[in-house]
Amino acid sequence: MITLYDFELSGNCYKLRLMMSILGVRYDIVPVDFYPGREHKSDWFLKLNPFGELPVLVDDGLVLRDSQAILVYLARKYDTTGKWFPVDDPALTAEIEIWHDFANRITGTASAARLTITMNYDFDLEKAQSGAHQLFRTMDEHLWFAEREGREWLCKADHPTTADIACFPYTALSEEGGISRQDYPAIRRWLDRVRRIEGFTAMSGVFPASRAREAS
Amino acid sequence: MTQTMTDIRHPAWHPIASSEDLPFRHVYHGQLLGQEFAVWRADDGNVNVWENRCLHRGVRLSIGLNEGAELKCQYHGWRYANRSAGCTYIPAHPADAPARRITNRTFPAVESLGLVWSAMGDVTPFAPPLPEGNWMPLRPLPVNARPGAVLAALTAAREAESDVESLPPLGARLVLTGVDGRAAVFFVQPVDSGRAVIRGVVEAESWDDQLSLLRLFNERLSTLRRQVEAEMALEEAPEPLVPVYEPVSLELATMPDLRFGRQAKLRVRVARKWQAGADVTGLELAALEGHLPTFQPGAHLDLFLPNGLIRQYSITNGPGELLSYTVGVKREPDSRGGSVAIADELREGDVVAISEPRNNFPLRRDATRTILIAGGIGITPLLAMAKTLASSRLPFELHVFARSPEHVAFPEALDKLGESVVPHIGLDPAGTAAEIEQLVSGYGFARHLYVCGPGPMLDLVRRRTAEAGWPEEAVHFEYFKNVNEIDLSSTFTVELARSALTLAIPSGKSILEVMRENGVDAPSSCEQGACGTCLTTVLEGIPDHQDVYLNDTERRSNSCMMTCVSRAKSDRLVLDI
């Protein structure tokens, strides 16, 4: 049985809830009071993750940290289609890893801005926001040209991968950090597509999309 | 050819999005001159440009849900209709029709050259700034700089002076170096005082590899953006523009006209007249220009006939269909002349007068299951309800009772509703009773039933649902006409509390008539106790109900009445008028 050490408002924890919801994996939750309790820095949690960071996932005694690493683990272990983290195409695997790294950069900027505004963290807000805008410009351009090439997702595949799940939460929550997505129409369309993946689940601040139906 | 800030505030058409920015069921977040927009394409292709603000709690509608014909606010689910932006449903008041005045601010929208254009303030009608052709929009490039500075940088980047042609507003046809010497046309969208979007178009036919062309332009413009933004970083950021909040129209800002008796407010053209069923004439009543007012499913309108008669017809349209209203008229040779006048005299192309839509038969959208039962021409309001429920994929069944397959009206519309439509054809009264008994047998929590049809059928449904344990508030009905014998013999006194007037009602005259004789007007429509328009609150006294609109609980409450037919059992009535 899987146990997720979880904070409801954390985008990185939501990432795993989203992946497990899509894969139809059942799991238990142990709530960790990240804010205002700072329980992720408590002695009991530091034994689980010496970095004192959420999320932590425990599967049958195996303790895992780092949301992107856990995404890969979940996809490799529980995704019977093999599409969420394909390993038979080296180029595609590398491309997914590039976007996993990109997701960390989004966390370092957009999430930092959000923590500053909503949870009283003491980051340089302006720097975090402008850093996120730089990333979103790159991402919007990438997605705009992907659409021109007939693709809907971050990587060169005709289906979503863990790259899309990894980049989704803090992009979708960016406005809580004062980062408008008005200038990124291709990102906004991609957010709609992610929200229409079967098994999608929402969180506070991330809303469902309207039903997509084929135009008749 | 730099432009100053005063120039950009001059009313003009500006591109605000690419057409391809509005894919199926998406809401685009736009902005022009400091005014934010929610931009969405309805399933019928219409582009809506609205103020980006829900009228309820001010939440951005750009995070709302495009449901194809209505935009639903993400916060409390208020719904607004395609074209009019009028509110069609408030989930916290599921049993009520929203007031007509709850209408969001709309802006004009035109699609041309692959771009969506809008404007603020008084502008002349849109004229394409370029000849129509095979224009391909480039990737739009947002720039954090003054729009005037962006245009200046663009024109400075030209290859040859002779190739530059300026286009109003904030547009230029020019050649960018490194792009094969081909001309492109750029428009600078003034998003705000310090923000702009470069929207370019090129003629697509002349290029073999569109993708590499798009990339080339994107690179070139990105370089230009870096330069402009670096220069802007040295300047002090301009104050953001404050959007102009124009006062809402007088019609929406004031209380409705007190003279709202039966008023022929709108003119419509009979766009189509056809045989919609064996004894039913279909009428499509089209707006003379623009669109018609917002309606909700269940609404009816008064049709003012050339022979002076006024008749009520339910609107059969689906949500967001506001270019015309479609109604069905049953031909009844023994009627008082309304249906015959329509069938024989009204022609396609005729202009007729109608009232604004009015809804006394509103549809709840929070039922776990909705059962619609139509008898004959009673299909019309239920067709609008079925289309709305189908559009939101809410569970419903539409039972259509008719004499023969040919007597089923609007068969094409019913076909589109698929398996939710259950026909019951050619049943005798006993057969009908047996079917209805079965239909209403399973009451479940939060189920709602709507029935419209001949009087005996409605009486039957109301009796059977009561026996089957349906609560009265879950059974909604609309009679075509009052089936009661109206007894006008009583005499009594009516006090109008708010008007401070006491009126003596003689036998032979209705309360409504006496009120009007004394200069007090009130809304009315059918004036025979069927439609519910003249519903009035009773403060004191016991009404003598003679209508077919109120249900038994409402009658017993002695708190409301229909002034067009109902009278008083007590000597005195006090009304909230």
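One table, with the values for the structure above:
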{"quantity": "Rounded to the nearest 20 debye, dipole of the stretch B:492-575 from Cβ charges on Lys, Arg, Asp, Glu", "calculated": "100"}
{"quantity": "Ellipticity estimate at 222 nm from DSSP helix runs (n ≥ 4, -39,500 (n - 2.57)) divided over chain B, nearest 500", "calculated": "-5500 deg cm²/dmol"}
{"quantity": "Antiparallel %, DSSP beta bridges [both residues in the stretch B:492-575], to 5", "calculated": "75"}
{"quantity": "Debye log10 I(q)/I(0) at q = 0.11, 0.14, 0.19, 0.23 Å⁻¹ for the stretch B:266-354, Cα point scatterers", "calculated": "-0.27, -0.44, -0.83, -1.22"}
{"quantity": "Gaussian network model of chain A, Cα within-10 Å springs - most flexible of A:46, A:92, A:191", "calculated": "A:46"}
{"quantity": "Exceeding the 20 Å Cα-Cα cut-off - candidates B:330/B:481; B:265/B:387; A:83/A:156; A:15/A:77; B:72/B:387", "calculated": "B:265/B:387"}
{"quantity": "18 Å tail of the calculated P(r), the stretch B:492-575, as % of Cα pairs", "calculated": "33"}
{"quantity": "Residue of A:112, A:91, A:166 that the Gaussian network model of chain A assigns the largest fluctuation, springs spanning Cα pairs under 10 Å", "calculated": "A:91"}
{"quantity": "Average beta-carbon neighbours from other chains, 10 Å sphere, peptide B:420-429", "calculated": "0"}
{"quantity": "For chain B, alpha-carbon Rg over 2.2 N^0.38 Å", "calculated": "1.18"}
{"quantity": "Convex hull volume of the protein assembly as shown per residue (C-alpha atoms, cubic angstrom)", "calculated": "216"}
{"quantity": "Antiparallel %, DSSP beta bridges [both residues in chain A], to 5", "calculated": "65"}
{"quantity": "Estimated dipole of the stretch B:266-354 in Debye, rounded to 20 [Cβ of Lys and Arg +1, of Asp and Glu -1, Cα centre]", "calculated": "40"}
{"quantity": "Average accessible surface area per residue within the protein assembly as shown, 1.4 Å rolling probe, Å²", "calculated": "43"}
{"quantity": "Protein-protein interface of the stretch B:24-46, residues with accessible area decrease of at least 40 Å², isolated chain reference, 1.4 Å probe", "calculated": "B:24, B:25, B:26, B:29"}
{"quantity": "Selection from B:47, B:410, B:422 lying farthest towards where the dipole of chain B points positive, charges on Cβ", "calculated": "B:422"}
{"quantity": "Fraction of accessible area attributable to carbon and sulfur, chain B (%, probe 1.4 Å)", "calculated": "50"}
{"quantity": "Chymotrypsin sites (Phe, Trp or Tyr not before Pro) within the stretch B:195-249: DSSP coil, no more than 11 neighbouring Cβ in 10 Å", "calculated": "B:245"}
{"quantity": "Size of charge dipole - the protein assembly as shown - debye, nearest 20, with Cβ of Lys, Arg +1 and Asp, Glu -1, no other charges", "calculated": "860"}
{"quantity": "Selection from A:110, A:202, A:100, by position along the positive dipole direction of the stretch A:83-216 (Cβ)", "calculated": "A:202"}
{"quantity": "Selection of trypsin sites (Lys or Arg not before Pro), the stretch A:86-173, meeting DSSP coil and at most 16 other Cβ within 10 Å", "calculated": "A:151, A:156"}
{"quantity": "Positive dipole terminus of chain B, leading residue within B:493, B:434, B:466 (C-beta point charges)", "calculated": "B:493"}
{"quantity": "Centre separation in Å (Cα based) which lies between the stretch A:51-83 and the stretch B:479-515", "calculated": "76"}
{"quantity": "J(HN,Hα) series, the stretch A:69-85, from Karplus relation 6.51 cos²θ - 1.76 cosθ + 1.60, nearest Hz, glycine and proline x", "calculated": "4, 5, 4, 4, 4, 4, 5, 5, 8, 10, 8, 6, 7, x, 8, 6, 9"}
{"quantity": "Rounded to whole Å, sorted largest first: equivalent-ellipsoid semi-axes of the stretch B:20-80, Cα gyration tensor", "calculated": "17, 15, 8"}
{"quantity": "DSSP loop GluC sites (Glu not before Pro) with at most 11 other Cβ within 10 Å excluded, longest remaining stretch of chain B", "calculated": "B:290-484"}
{"quantity": "Phi-based couplings in Hz for the stretch B:125-139 (Karplus 6.51, -1.76, 1.60; Gly and Pro marked x)", "calculated": "x, 4, 10, x, x, 9, x, 4, x, 8, 7, 10, x, 7, 5"}
{"quantity": "Rounded Å value of the spacing that divides the Cα centres of the stretch B:40-93 and the stretch A:1-35", "calculated": "33"}
{"quantity": "Loop-resident sites, the stretch A:1-38, for trypsin sites (Lys or Arg not before Pro), counting at most 10 other Cβ within 10 Å (DSSP)", "calculated": "A:26"}
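The values are calculated or read from the model by the stated rules, or taken from the named source; none is laboratory data. These figures come from a predicted structure and were not determined experimentally. Heads up, the Cβs are rebuilt from the backbone with ideal geometry, glycines too, and the neighbour counts pull from every protein chain shown. These accessible areas exclude ligands, DNA and RNA; they are computed on the full protein's heavy atoms, side chains included. Shrake-Rupley method; radii C 1.70, N 1.55, O 1.52, S 1.80 Å.
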